[in-house]
Amino acid sequence: MRLLRQSYWVISALAFTTFFAALGFAETSTTETCPRETVGSIVTSPPDLRSQNGVLKVDLSFRSFVDPNGITRYCYISAGGYQAPTLRLNPGDLLILNLKNELDPAIAGSNSHPPSAHVVNPNAAMTHKARAPDACAGGAMTAFSTNVHFHGLTIPPICHQDETVRTLIQPSSLAFEYRFRIPTDATPGMYWYHPHPHGFSEAQVLGGASGAIIIEGIERANRLIAGLPERVLILRDQLMPAPAPNAKPDPSRPGKDLSINFVPVPYPSYTPAVIKVRPSEREFWRVLNASADTYVDLKLRYDGKLQFVGVVAFDGIPIGLQDGRPRNRVLWESHIALPPAGRAEFVVNGPAEGVMATLMTQAVVTGPVSPNQASTAPVAKSAAAVDVNPVDDDNTPPRPIAVITTDVNTSEPTASLPAPGAPIPDPELPVLATVKPVRERKFYFSEEFKDPKDPNTAIFLITEEGKTPAAFDPSATAPNITVHQGDVEDWIIENRSQETHAFHIHQTHFLVLERHGVPVEEPYLRDTVNVAFWDGFTPQYPSIKLRMDFRDLRIVGMFPYHCHVLQHENGGMMGTIQVLPASQIPTASHAPSPKQSAK
Ligand SMILES: [Cu+2]
């Protein structure tokens, strides 16, 4: 653990007081809440909190702050004052995380996001009845409710572990304890934590509430990277200040700004952050796209030349660890596309001294370009957005993120991977690609507008083929689909809408088998994957085919699958799956594999 280096917004006391007095903000909001780095500053690693003797005990406060632009920031602050600490644990370690919801309705309620505006799906709000104040039983779902999802980890979907459908922690609640053990067979790599209250996760994640989880030991999965300096980079998107009232619409204006480890890279100057590296040093980068809504497609250029990076893992699963393919290799890629929630861990050969090096995201096209878009297909707007781009609030133009400068004496990165140690054993269960699925299902993403002329009436849907499309209903007690523990299924996910969606399921990873009906061979599993948009006229919808794994004994219970573009998730694009215990009398389709009982 090291001292937190933060720079604070410098605002004169007078201007600050006048600003908040004018908007009627409560005085309890201070500059120290959810601090952010200044534009153009050096990217430093998030603070690390490491498990000791098999236990990591963390007290986190969940806070908000209204910034000088009137935009609400959210953050996790540890008892030691660290913002968004990286939680580092070994497989088998116990995590005890006490979360105190310190959102102040007096602050957030008076800012530009009135609570009612967060409810993108009015049906959900009306049917979601107030419940007892037991955090495990749900309760009033407001902009001040929260909970935590441990994205990518295979831990039980039960309250106090990784349950996100019912758990709602209110500001009035005592600190809420999350307590679970990292599975001993958890794959080493990058995971993350973020809020998941349906209807409000977009605003909270956009505001900056997210942090990395590192399961240690990736050098045991790939000995090539042992000893490399490791760097944790977290990309976040954030709302932008409203354009001037008479500003000319700018088609290059992004839907959201980006930041890297809380160093903002704001439109329109895109002043890049600064990553300092030792000249020509090889590093191991662990990159999380913690954006609520924004896709990135990362590229490294040295003196204008595109560089290859050596991919070791996606979504916390190192190559060759769970797919039966050879290990101890990297995939050299010229760009890294990450949907919201995606992670990539890769080797970077640092630039030599004097080389002009940049990290940038190229444009990501999230929908067809249509000159009539504004009149024929309403563009869904985030109800939480302060500004609404009249053209496209999903616009994702190319932009720099950071310049990489060499410095022999830089103190970053502060951590290095250890020596390789003993290789991680092969998984006990048969490799997913070789397992015969018990059934195949088809789902589809679609969008509807209650009023075709009003983009604010967008409803986002994920539907199993043959069922009636309906936005996610948080008050529903029955799951959308049921499987049995031990099942392996193939899911085809179609996109029948004209924008991209990022399919994600909690508690388990999947194997991508096909894209648009064409087999693909990916030597890793994922937990979040993009599904390309439909162009509006091709007879066949874009699709992916996934092999879904419900064999893990720990995931019995109910949990969600959804689009990880949180604007869409909040707008209804979510369903629940219930994993029932394996049948007592094994049938052909539900027989647990012989190896499972030994697990
Ligand atoms: Cu989506």
HN-Hα J in Hz across the range 480-487 - Karplus 6.51, -1.76, 1.60, θ = phi - 60°, x for Gly and Pro: 6, 9, 10, 9, 10, 4, x, 6
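How much length, in nm to one decimal, is gained on full extension between Val55 and Lys436, taken as 0.36 nm per residue of separation minus their Cα-Cα distance?
Values: separation 381, 0.36 × 381 = 137.16 nm, distance 3.83 nm.
Length difference between fully extended and current span is 133.3 nm.
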Quick check for you: which residues of the range 261-279 have the amide N under 20 Å from the point 7 Å beyond the Cα of Lys305 toward its beta carbon? 277-279
The answer for the range 230-416, accessible area per residue at 1.4 Å probe in Å², is 37 Å²
Of the range 33-57, those with amide N under 16 Å from the point 7 Å along the Cα→Cβ vector of Asn98 are 56-57
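What translational diffusion coefficient, to the nearest whole µm²/s, does the range 249-331 have by Stokes-Einstein, given a Kirkwood radius computed over alpha-carbon pairs, a temperature of 10 °C and 1.306 mPa s viscosity? Each step should come with its number before you reach the end.
Details: Rh = 16.0 Å.
It comes out at roughly 100 µm²/s.
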For Lys450, go through the aspartates and glutamates and keep the ones whose alpha-carbon is under 19 Å away, minus same-chain ones fewer than eight residues off. Asp473, Glu499, Glu569
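Take the alpha carbon gyration tensor of the range 230-416, find the square roots of its eigenvalues, order them as a ≥ b ≥ c, and report rounded if a/c is under 1.5; if not, report prolate when a/b exceeds b/c, else oblate.
Numbers: a/c = 2.30, a/b = 1.59, b/c = 1.45.
Verdict is prolate for the range 230-416.
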Cβ-based charge dipole, the range 230-416, positive-most Cα from Pro245, Asn395, Thr414: Thr414
Would you grab the residues whose amide H sits under 5 Å from the one on Gly572? Only those 5+ places off in sequence or on another chain, please, with H modelled 1.01 Å from N. Phe460, Phe472
Can you pull the percent of the range 432-598's accessible area that's carbon plus sulfur, 1.4 Å probe, other chains left in place? 55 percent
Counting only residues 5 or more apart in sequence or on a different chain, those whose built amide H sits under 5 Å from that of Gly92 are Ile182, Thr184, Ala186
List the residues, sorted by chain then number, that are 5 or more residues from Ala357 or on another chain and whose placed amide H is less than 5 Å from its amide H. Asp303, Ile404
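The values are calculated or read from the model by the stated rules, or taken from the named source; none is laboratory data. The model shown is predicted, which means the values in this text are computed figures rather than measured ones. Cβ atoms come from the backbone with ideal geometry, glycine included; neighbour counts cover every protein chain shown. Side chains included, ligands, DNA and RNA excluded: accessible areas come from the protein's heavy atoms. Shrake-Rupley method; radii C 1.70, N 1.55, O 1.52, S 1.80 Å.
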